[in-house]
Amino acid sequence: MRDVAVVAFAQSPCQAANRRDDMAGILLPVIREAVDAAGIGRDEIDFVASGSHDFYEGRTFSYIDSLDAVGAWPPISESHVESDAAWALAEAWSWLQLGEGDIALVYGIGRGSLPADLDQVMPAQLDPYFLAPLAPHRDAIAGLQAHAAIGAGLTSEQGMAEVVSRCLASALDNPHAQRSERVDVARLLDAPYVSSPLREHDVAPIGDAAAVVVLAADDAARRLAERPAWLRGVDHRMDTHYPGVRDLTESLSTRRAASRAAEFAGFLPSDVDVAELHTEYSHQEAILAAALGLNGAELNASGGPLAGRPVTATGLIRIGEAARRIFDGRADRALAHATNGQALQQNLVCLLEGEG
């Protein structure tokens, strides 16, 4: 296995809507920032991988527009995943393991504001025969999961509000956050429900943004970064997309992905200093922390998705934010988690480490 590390990370501010720029316009300055941070030229990139969802754009092969920001010359290997861009990073990590190149650029771009009615879009992630035709409200299944988590004693409405309060306060130091404020827990608990027991603040706000990560292998990583964030273990697993046949209070796929990533890494999630979790809803923090076996790690110090959820870039941002903590020496070991689908259906776990 080759040693592969995150050597640069950049993202655009998450906005509730970006009607001014197209995909290339949002992405281009972020690519420039990441490439400049790595100190490389475009011609040094051997592989590009991206992530996006056509159903947010309302057209097929929508990611083609973003290639105008990547550049068509010189010609290189390029790939795309119809998923959160964290899965594009997993593909790029695998590609670098083949030894056909040393540097890869991974990007995710989401424009969640484009659909006129998200309730017609989100059911596309569900079973196409039974659930999708019912077109449940986009937060309905998450509400069922939150109710089950409370019933199992994993969390409470008070605990969920405390998670939101902490994340929004942490986001005050994050210039890319969509929302940030110091808000009293009691005030949060007075808000009306959107899908009981979920209130509006319990739902990560969907927005528009792009994120870019530069990966490098072996000596290239050591040359490009003073303190690379080494990807010691990467794995992803999935549960059935039919939520009625699984226990929504557990995330078995997260647990399995974490176990496999730990085998690669040589250390456990309980050993990390910080963890960036892809929590699209406040109650999911308790489910993920239990599945990962976290032990005293600082959770979502960036504010996490509850401070802004740029669709299909949110998971990649978790990896970038975890790497940033290693870059600046605030953490020696970090965990990043990404999810895709409803009620934590698909889950990816990265374990990162800085050199001693």
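Within the range 232-275, the set of residues being part of a helix (DSSP H, G or I) and more than 23 Å from L154 (Cα to Cα) comprises R260, A261, A262, E263, F264, A265. Residues in the range 121-168 that are farther than 20 Å from I206 by Cβ, modelled with pLDDT of 95 or more, crowded, with 17+ Cβ neighbours inside 10 Å and of a type in the set (A, V, I, L, M): A148, A149, I150, L154, A161. Looking only at the range 254-277, which residues are touching a Ser or Thr at 6+ places or on another chain (Cβ under 9 Å) and either β-branched (V, I, T) or over 27 Å from F327 (Cβ atoms) (or both)? If the condition is that a residue be touching a Ser or Thr at 6+ places or on another chain (Cβ under 9 Å) and either β-branched (V, I, T) or over 27 Å from F327 (Cβ atoms) (or both), then T254 is the only one that fits.
Can you find, within the range 205-219, the residue that is nearest to S282 (Cα to Cα) among those that are buried (at least 24 other Cβ atoms within 10 Å of the Cβ) and among the small types (G, A, S)? Step through it out loud before you land on a result.
Let us first name the residues in the range 205-219 that are buried (at least 24 other Cβ atoms within 10 Å of the Cβ), namely 206-216.
Subset that is among the small types (G, A, S): 207, 209-211, 216.
Numbers: G207: 17, A209: 21, A210: 23, A211: 23, A216: 34 Å.
Looking at residues that are buried (at least 24 other Cβ atoms within 10 Å of the Cβ) and among the small types (G, A, S), I get G207.
I need the full set of residues from the range 91-113 which are surrounded by 24 or more Cβ atoms within 10 Å (Cβ to Cβ) and hydrophobic (A, V, I, L, M, F, W, C), in order please. Selection gives A92, L96, A104, L105, V106, I109. Of all residue pairs spaced 6 or more apart or on separate chains, those with beta-carbon atoms under 7 Å, a first member in the range 31-46 that is touching a residue at least 60 places away in the same chain (Cβ under 8 Å) and a second member that is surrounded by fewer than 17 Cβ atoms within 10 Å (Cβ to Cβ) and assigned to a helix (DSSP H, G or I) are V35/R42.
Yes or no, residue by residue, for (1) surrounded by 22 or more Cβ atoms within 10 Å (Cβ to Cβ); (2) at pLDDT below 95:
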{"residue": "P197", "(1), (2)": "no, no"}
{"residue": "R227", "(1), (2)": "no, no"}
{"residue": "Y242", "(1), (2)": "no, yes"}
{"residue": "T254", "(1), (2)": "yes, no"}
{"residue": "R260", "(1), (2)": "no, no"}
{"residue": "A265", "(1), (2)": "yes, no"}
{"residue": "E285", "(1), (2)": "yes, no"}
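A quick yes/no check of all residues on (1) among the polar types (S, T, N, Q); (2) within 24 Å of A217 (Cβ to Cβ):
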| site | (1), (2) |
| --- | --- |
| A34 | no, yes |
| A37 | no, yes |
| G41 | no, yes |
| F47 | no, yes |
| S52 | yes, no |
| Y56 | no, no |
| I64 | no, no |
| S79 | yes, yes |
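The values are calculated or read from the model by the stated rules, or taken from the named source; none is laboratory data. Nothing here was measured: the structure is a model prediction, and the numbers come from that model. Using ideal geometry, Cβ is built from the backbone for each residue, glycine included, and neighbour counts are taken over all protein chains shown.
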